[in-house]
Amino acid sequence: MEDAHLVHVKTETMKTTITPTKDQTTGTSRRRTAISRKHGDRGPRIRPLSDLLDDDTIKPRQQLCGPWLLERGFTMVFAPTGVGKSWFAMGVAAAVAGGGSFGHWSAPEPRRVLYIDGEMDTSDLKGRFQAAISAARDTKAEMIGQNIILYARHDQPEGDTSFPDFGSDEHIERILQRVRQVRPQLVVLDNLSTLATVDDTNAASAWDPFLKLLQRIRGAGAAVLVVHHANKGGETYNGSSKIPVMFDALVRLRPRTVVFDRAGAAFLLDFVKTRMLTEDASRTFTVAFTSEGWSWDTLVSTDVRDLVRRLLDGEFRTQSGAAAALGKSKGEISKMLGKAYEAGITTREAIVAALAAAVKEAEDDVEGAPINDF
């Protein structure tokens, strides 16, 4: 006969035991579930939250290169063609492999990186990595060269057709075999359009094989940085809204106009999504890669975003009023808004309209007062 407080559920793979325990603070009975396995058995782990909280073997995920790229994490960087996605990915890879820095982010220690490329000629790969390694900071070129393992479509022996399709269920095991051989802490996929065949990029189900592959790579202990194309407008990634659900961070690159003395890249960088608490989530950076290496500047800070938010919320009626409230000069406010316009987080027209609305709604509106002084 089944006891109301003690239930045994047996299957071929595991035994679940639910036993009563005494709550020491209330004196009431509660049940604790424990999952036990026989030697050699396999099955799902189902356990009380208290066991998870008391599990000292679970450690916080460490940063690989800033709070947006963590151990066993998923990050996507997307941009229009020719903006600098691969330069960015190579810069990150060099920092992670060498334990160096990239922008104002640092890699705490050297890690192994598996860089998988589906597009570039080997000559271009060689030239770009040489430039990326030369530009790397706080590390040694030898360390980067040893820790980046390259697996490239156009670097395979003549006649070899084994390079896998990252969008195919049939090739998942082949890809995982490569990952297990290398045992990287970071896998870079450059780029998604050339590595994975997706029949209908807007169909959610079409991405299932690739998203399943990401989960399997994480199960092997690696983080993944995916390089992808933006949509036609350049404001978001190309494909289904299902894609970003799994990602910890989405990094957007948008073009800037910079004159180069040789091949390079220039872009605005911001975060469309971040699961981690970081001030970078509200910042926009101007980034350039030239013969002098990487250059970074903060175009939009949290102060700029706060100013834009307060103006659009109708808190101020004039530039002078905003300057007085924030303890800045009128010229400083103009410069801050100029950065906001350049970064695309608002427009001059939107600010003018917000000021006009604030004047109209103000109870102490004075006839003839200027709508704005921007």
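Since every read-out is calculated from the coordinates, none of them should be taken as a lab result. Every value quoted in this text rests on a predicted model; they were computed, and no experiment measured them. Every residue, glycine among them, receives a Cβ derived from its backbone with ideal geometry; neighbour counts consider all protein chains shown.
Observations on the model:
- Order by protection proxy (mean Cβ within 10 Å, highest first), peptides 153-160, 117-124: 117-124, 153-160
- Using a Förster distance of 22 Å, the FRET efficiency for His154-Gln181 (Cβ separation, nearest 0.05): 0.65
- The distance between label points at Arg42 and Lys59 comes to 2.8 nm (points 7 Å beyond Cα on the Cα→Cβ vector).
- Taking 0.36 nm per residue of separation and subtracting the Cα-Cα distance, full extension of the segment from Ala220 to Glu142 would add 25.4 nm.
- Subtracting the Cα-Cα distance of Lys360 and Arg275 from their residue separation scaled by 0.36 nm leaves 26.7 nm.
- Short-range pairs are left out: with C-alpha atoms under 8 Å and at least six residues apart, the relative contact order of segment 225-314 is 18 percent.
- Values of log10 I(q)/I(0), in the order q = 0.19, 0.21, 0.34 Å⁻¹, for segment 72-115 under a Debye, Cα-only, solvent-free model: -0.62, -0.74, -1.21
- Spacing of the modelled spin labels on Glu109 and Ala353, each 7 Å from Cα toward Cβ, amounts to 5.3 nm.
- Close amide H contacts of Leu69 (hydrogens built in the peptide plane, cut-off under 5 Å, sequence separation of 5 or more or a different chain): Leu64.
- At R0 = 45 Å, FRET efficiency that the Cβ-Cβ distance of Trp296 and Leu49 yields, to 0.05: 0.60
- Rg and Dmax over the alpha-carbon atoms of segment 251-362 stand at 16.3, 55 Å.
- For the listed peptides 201-212, 48-59, 177-188, a ranking on the average number of other beta carbons within 10 Å per residue, highest first, reads 177-188, 201-212, 48-59.
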